[in-house]
Amino acid sequence: MSDVVVDAKDLRKIYVMGDVEVHALRGLSVQIRRGEVVAIMGPSGSGKSTLMNTLGCLDRPTSGEYYLDGEAVAELNDDQLADIRNRKVGFVFQSFNLLPRATALSNVELPLRYANVSGKERRQRAEEALVSVGLGDRIHHRPSELSGGQQQRVAIARSLINGPAIIMADEPTGNLDTSSGDEIMRLLLNLNKERNTTLIIVTHDPEIAELTNRIITIRDGVVVEDGE
């Protein structure tokens, strides 16, 4: 198993809007090793969301190469992208992205349903994931019965359920107060230590970036700074 989990070479992404071509990524290359905690930073319009969508297999580049955990991703069709995304990527979003009418347990089980895992195993693994994020006593609560910090914990449990190669966290503390945000960052960093899961955090908050091993700054679709 290679030590490099994200290997992107010369990524370009062009969006066509009417008569205008928008170059969101302009030949961006980046490598991220297994177990690293990396912050991706950059001003609005720098290409960081496009990069996150590409690394997270939500979208494919216009050109360039991308290997995720050794698998070539750039040429995959939509169904193949969905499959690798479900197996290899865990997502944590600013807005939690939970199903409002489903319990914490059902929300966490969701990726396993797509993977056709049996009901009994789904339940067991989802319960274990919720216990690992400190929500063992909240498994039957719906999102409306949970605080923001607890909802983000449910999202983190869901992101871990398939043992992903990478977790992509997009402004994971953006909708939380300071103390809940600090808790969520502690939780993510502890999970990284315990499981050696690669953690990629897209953020505009320098205090969050300071908690990571490495900060990659992008501007105008290319990496302008990459340092410990």
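Values in this text are rule-based calculations from the coordinates and carry no lab data. Computed from a predicted structure; not experimentally measured. Glycine also receives a Cβ, built like all others from the backbone with ideal geometry; neighbour counts cover every protein chain displayed.
Of note:
- Helix-only mean residue ellipticity at 222 nm for the chain, each DSSP H run of n ≥ 4 adding -39500 (n - 2.57), per residue, nearest 500: -10500 deg cm²/dmol
- A simple count of charges around G136, restricted to other residues whose Cβ falls under 12 Å of its Cβ and scoring Lys, Arg +1 and Asp, Glu -1, yields -1.
- Within the chain, percent of DSSP bridges classed antiparallel, to nearest 5: 55
- By the combined test of axial Cα extent (at least 30 Å) and Kyte-Doolittle hydropathy (mean at least -1.0), none of the DSSP H helices of the chain qualifies.
- Two-site label geometry, N77 and Y15: point separation in nm, points 7 Å out along Cα→Cβ: 2.6
- Rg/Rh, computed from the Cα trace of region 4-227 with Rh as the Kirkwood radius, has the value 0.97.
- Couplings 3J(HN,Hα) for region 207-213, derived from phi with the Karplus relation 6.51 cos²θ - 1.76 cosθ + 1.60 (θ = phi - 60°), are 5, 5, 4, 5, 7, 8, 7 Hz, where x marks Gly and Pro.
- Between region 205-228 and region 102-140, the alpha-carbon center distance in angstrom: 33
- Using only side-chain charges placed at the Cβ, +1 for Lys and Arg and -1 for Asp and Glu, the dipole size of the chain relative to its Cα centre rounds to 720 debye.
- In nm, spacing of pseudo-spin labels at N116 and S144 (7 Å Cα→C-beta vector): 3.6
- With kT/(6 pi eta Rh) evaluated at 20 °C and eta = 1.002 mPa s, and Rh the Kirkwood radius from Cα pairs, region 1-62 diffuses with a coefficient of 169 µm²/s according to Stokes-Einstein.
- Extension gain for the segment N97 to V4, taken as residue separation times 0.36 nm less the Cα-Cα distance, is 30.6 nm to one decimal.
- Contour excess over end-to-end distance, with Cα ends at N190 and E207 and 0.36 nm allotted per residue: 4.4 nm
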